[in-house]
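K.L.:
Before we start, here is the structure in question, set down as structure tokens.
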Amino acid sequence: MTSNNFREKVIVAGFGGQGIMLAGKLLAQMAMKAGKEVTYMPAYGAEVRGGTANCAVIIADEPIASPLVGSCDSLIAINKASLTKFAPRIKPNGLLIMNSSLIDRQPVLDETINIVAVPASELAVELGNLKAANMVAVGAYLGKKGIFGPVDAANCLADVLAKRYHKTLPVNTEALRRGAEFVRK
């Protein structure tokens, strides 16, 4: 990220309880630690747990005028409803990371969009914690984009996880690594 014009708009989406906000906060925290300009904007459905949840993160070298994300460079979709809702907003030449454990079809999108199907839920279950699917997906995003690495993310986890969840740091760290490793294969 040496370019002076770097700007990445990311939407992370799923349903409440999948750690969507945590994933967005982690991306924002990594960017802040790297000295980037950052915005983080969460949005919850009325139901919260089980309802819709998404957040928008903008990472840039220059000041960011608005936290609103109309179209995005990258989408991390953890469930089918989120894919349906947000995939049309991916810019040409963008990136889609989708949880193929919960999304059973490839979306029809602009042919320039890089679609990466990651069995995030399955990989998280292999690690012993289904709730780590969000970190598998973030790891896959990081592995594909190369903006930051899974080690950078792991170093920020304690900053964004509530202290009562620090016992999950090892599994979340491994989930980040597994996601990045999956996309490198």
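Only the coordinates and a few stated rules stand behind these numbers; no lab work does. Predicted, not measured: the structure shown is a model, and the values here were computed from it. Cβ sites come from the backbone with ideal geometry, for glycine too, and all protein chains shown count toward neighbours.
K.L.:
Quick one: what do you get for the chain if you divide its Cα Rg by 2.2 N^0.38 Å?
P.N.:
Rounded to two decimals, the normalised Rg is 0.93.
K.L.:
Using only Cα atoms, locate the centre of segment 1-45 and the centre of segment 120-136, then give the distance between them in Å, rounded to an integer.
P.N.:
20
K.L.:
If you add up the charges near Leu83, with Lys and Arg at +1 and Asp and Glu at -1, over every other residue whose beta carbon is less than 12 angstrom from its beta carbon, what do you get?
P.N.:
+3
K.L.:
Also, quick follow-up: Work out how much length Ser100 to Met41 would gain on full extension: take 0.36 nm times their residue separation and subtract the Cα-Cα distance, in nm to one decimal.
P.N.:
Separation in residues times 0.36 nm, less the Cα-Cα distance, equals 18.7 nm.
K.L.:
Quick query: amide H of Phe6 versus all other amide H atoms, modeled in the peptide plane; which residues come in under 5 Å with a sequence gap of 5 or more or a different chain?
P.N.:
Asp61
K.L.:
Using alpha-carbon positions, what is the distance between the centroids of segment 63-100 and segment 149-185, in Å?
P.N.:
Centre-to-centre distance over Cα atoms comes out at 22 Å.
K.L.:
Let me ask you something else. Let me have the relative contact order for segment 55-185, percent, based on Cα pairs under 8 Å that are six or more residues apart.
P.N.:
Averaging sequence separation for qualifying contacts and normalising by length gives 20 percent for segment 55-185.
K.L.:
Holding the Cα-Cα limit at 19 Å, pick out from Lys25/Lys80; Lys33/Lys85; Lys9/Lys144; Lys9/Lys85; Lys33/Lys185; Lys145/Lys185 the pairs that are longer than that.
P.N.:
Table pairs above 19 Å Cα-Cα are Lys25/Lys80; Lys33/Lys85; Lys33/Lys185.
K.L.:
Could you give the length gained by full extension between Thr112 and His166, i.e. 0.36 nm per residue of separation minus their alpha carbon distance, to one decimal place?
P.N.:
Difference between extended and current length: 15.5 nm.
K.L.:
Please find, in a Gaussian network model of the chain (springs between Cα atoms separated by less than 10 Å), the residue of Ala133, Ala120, Ala43 whose mean-square fluctuation is greatest.
P.N.:
Ala43
K.L.:
Here's another thing I want to ask about it. For a quick check, take a GNM of the chain with Cα springs below 10 Å and name the residue from Pro88, Pro150, Pro119 with the largest mean-square fluctuation.
P.N.:
Pro88
K.L.:
In a GNM of the chain with a 10 Å cut-off on Cα contacts, which of Val108, Val171, Val38 has the highest mean-square fluctuation?
P.N.:
The residue that fluctuates most here is Val108.
K.L.:
Using a simple spin-label model with points 7 Å from Cα along the Cα→Cβ vector, what separation in nm is obtained for Ala34 and Arg89?
P.N.:
Inter-label distance under the simple model: 2.1 nm.
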